[in-house]
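Let me begin by presenting the structure, written as structure tokens, before commenting on it.
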Amino acid sequence: MRKSATWRAAGAVGAAVLLSVGVTACSSGGSSSSTTTGASGGSYTWWDPYPQHDESSSWAKRVQTCGDEAGVTIKRTAYDTTALTNQALLAAQEGTSPDVILIDNPAVSTLADTGMLTTTKDLGLDTSAIDANLLAAGQTGSDTWGIPIGANTLALYYNKTILDAAGVDPSTVTSWDSLDAALAKIKAAGHKGITFAGIGTEEGSFQFLPWFWGAGADLTTLDSPEAVKALSLWTDWVKQGYAPNSVIQNSQNTTWEEFLTGDFGFAENGTWQVNSAKSASFPTGVITLPGVTGGAAPAPTGGEFIVAPVQKDTGRYTATKKIIDCMTTTDGFVQTADTFAYYIPPTTDGQAALLKEHPELSTWVDAVKAAKGRTSDDLGTKYPKISEQLWTAVQQALSGSASPQDALTKAQAAAQKAIG
């Protein structure tokens, strides 16, 4: 995945929350492009975070086709992820919100908190087929604020040449103990074990969460025994030489660059590296991130939701619903998956259709089915404040400046103070 897309996976949460403080509740907004009322005719505004797809792209043409089906013309504007969230919040302040936005899933609750979004119930959108674990990233309380257009997440890539030389069968790596045993064999065979991104940003939290959740920890209690066990796993890997010291500053991109050197048995990374893995100079494979005692660990979801801001002219919603319905058909989900290589569709039918085209993505479908939204559990806008303390604790523990227990105890106290 391109750097901008990797950032979408990790989430531009912090900037969104900082700006949201200045946005008052927007119970009425208005499209800046048209005052046309009704279900057909006129111009509808669409914002998305895909500036790499210009107006000649298949993505842009697909968006316009959905406008045609709704009987309207779509005026599309593309921003990078952080700029899009900022622009959405500013537009809400000014009463000039677009009709449709595709927004990074952790930012949905930030926008919803300002009052600038309609709910799926308001628009009459059917979300019954959407996987509940993916839909949860766009929910607060009893309200659902949009529909995921797909999801990406994390898993463990492996270097088959290294695993074969070390006598490791990747299918046996199904728990933390079996992963530790595999890493010990890889090290004994003269190779490097695993690399991951422990950087002191949202990317660090994003990569730590599968181990945190996989241990049974909860983001409301950062210093639980389960959380300490997860952080101890990472620090022990570094101490034992299974993981390099570089993980403390690794981003997801630099982690991938390390893996592509061919020196590592495993690397934690996302769906956005599928095509890069295919073209690596060594054979690769992928397994789901294991939970502490087995099964797939919940990894955090990346990807966007399609949301509809509040409009003064409520007659516009009829066409808006048609546009969203068009973009979220089974075929539409598969087209999105192919466009963004690969977003896994958020429905069982969409996943089945994708696997007919790409059966090699079955592990990623399993990972997405086990995945979890960072703002789920009704954390909403509390999540960025908690996440900052979590990545700070990871940094302290990896650097050796604090034990996992002490680092997480400090993190819990700071998070409680931050969220009030």
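The values are calculated or read from the model by the stated rules, or taken from the named source; none is laboratory data. Nothing here was measured: the structure is a model prediction, and the numbers come from that model. Here the Cβ is made from the backbone with ideal geometry for all residues, glycine too, and neighbour counts use every protein chain on show. Surface accessibility is based on the protein's heavy atoms, side chains included, excluding ligands, DNA and RNA. Shrake-Rupley method; radii C 1.70, N 1.55, O 1.52, S 1.80 Å.
Quick look at the numbers
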| item | result |
| --- | --- |
| Enumerated helices (runs of 4 or more DSSP H) restricted to segment 12-126, each holding at least 2 residues that are of a type in the set (S, T, N, Q), surrounded by fewer than 16 Cβ atoms within 10 Å (Cβ to Cβ) and modelled with pLDDT under 95 | none |
| Test: Asn133 is surrounded by 24 or more Cβ atoms within 10 Å (Cβ to Cβ), modelled with pLDDT of 95 or more and in contact with a strand residue (DSSP E or B) (Cβ under 7 Å, 6 or more places away or on another chain) | no |
| Residue identified as touching a residue at least 12 places away in the same chain (Cβ under 8 Å), crowded, with 23+ Cβ neighbours inside 10 Å, in a loop (DSSP other than H, G, I, E, B) and in contact with a Phe, Trp or Tyr (Cβ under 9 Å, 6 or more places away or on another chain) among Gly198, Gly204 | Gly198 |
| Evaluation of Gln405 against (1) polar (S, T, N, Q); (2) out of contact with any strand residue (DSSP E or B) (no Cβ under 8 Å at 6 or more places or on another chain); (3) within 30 Å of Gly124 (Cβ to Cβ) (one fails), failing number | (3) |
| Evaluation of Val168 against (1) touching a helix residue (DSSP H, G or I) at 6+ places or on another chain (Cβ under 6 Å); (2) under 30 Å from Gly350 (Cα atoms); (3) aliphatic (A, V, I, L, M) (one fails), failing number | (2) |
| Options Gln311, Gln405, Gln335; residue that is assigned by TED's automatic domain parsing to the domain that holds Thr271 and farther than 17 Å from Asn133 by Cβ | Gln405 |
| Unique match (being in the same structural domain as Asp177 (by TED's automatic domain parsing), within 19 Å of the chain's Cα centre (by Cα) and touching a residue at least 60 places away in the same chain (Cβ under 8 Å)) among Thr363, Thr328, Thr288 | Thr288 |
| Residues (assigned to a helix (DSSP H, G or I), open to solvent by 40 Å² or more (accessible area, probe 1.4 Å) and out of contact with any strand residue (DSSP E or B) (no Cβ under 7 Å at 6 or more places or on another chain)) located in segment 318-338 | Thr318, Lys321, Lys322, Asp325, Asp331, Gln335, Asp338 |
| The one condition in (1) in contact (Cβ under 8 Å) with a residue 24 or more places away in the chain; (2) part of a loop (DSSP other than H, G, I, E, B); (3) touching an Asp or Glu at 6+ places or on another chain (Cβ under 9 Å) that Thr174 fails to fulfil | (3) |
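Let's see how each residue does on (1) outside the structural domain of Lys239 (by TED's automatic domain parsing); (2) closer than 22 Å to Arg316 by Cα; (3) charged (D, E, K, R):
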| site | (1), (2), (3) |
| --- | --- |
| Ile130 | yes, no, no |
| Thr140 | yes, no, no |
| Trp176 | no, no, no |
| Lys185 | no, no, yes |
| Ala197 | no, no, no |
